[in-house]
1. Using every Cα-Cα pair within the chain, state what percent have a distance larger than 19 Å.
2. Roughly how many percent of the accessible protein surface of segment 1-64 is carbon and sulfur, given a 1.4 Å probe and a whole-percent answer?
3. Keeping every protein chain present and rolling a 1.4 Å probe, give me the accessible area per residue for the chain in Å².
Amino acid sequence: DGNNDYVRLFDSSELLVDEVNYDDDVPWPTEADSNGPTLELINPSLDNTLGENWNASIGNGTPGAINSIYSADE
């Protein structure tokens with residue numbers, strides 16, 4: 001249900017590269033709570049542990065492409 005979940009990313013050597021504990025309550029984007037859109041990090045240089053640095057995707061995600069809401073200015 002996307003409620004308070006934990007994601008960990010590992011590289012091909014099984015070393016932890018990144019991790020985030022996210023929620024479906026404000027300040028996390030509530031549009032991504034089982035309504036189709038996925039969560040997207042606004043800019044990979046921002047702190048991914050803060051909900052305000054994420055947004056709901058446009059068009060239900062962009063696998064293999066730049067995030068639909070990516071902003072190099074933020």
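1. Result: 36 percent of Cα pairs exceed 19 Å.
2. 47
3. On a per-residue basis, the chain sits at 68 Å².
The values are calculated or read from the model by the stated rules, or taken from the named source; none is laboratory data. Remember, predicted model here, so these are calculated numbers, not experimental data. Ligands, DNA and RNA are excluded from the accessible area calculation, which covers all protein heavy atoms including side chains. Shrake-Rupley method; radii C 1.70, N 1.55, O 1.52, S 1.80 Å.
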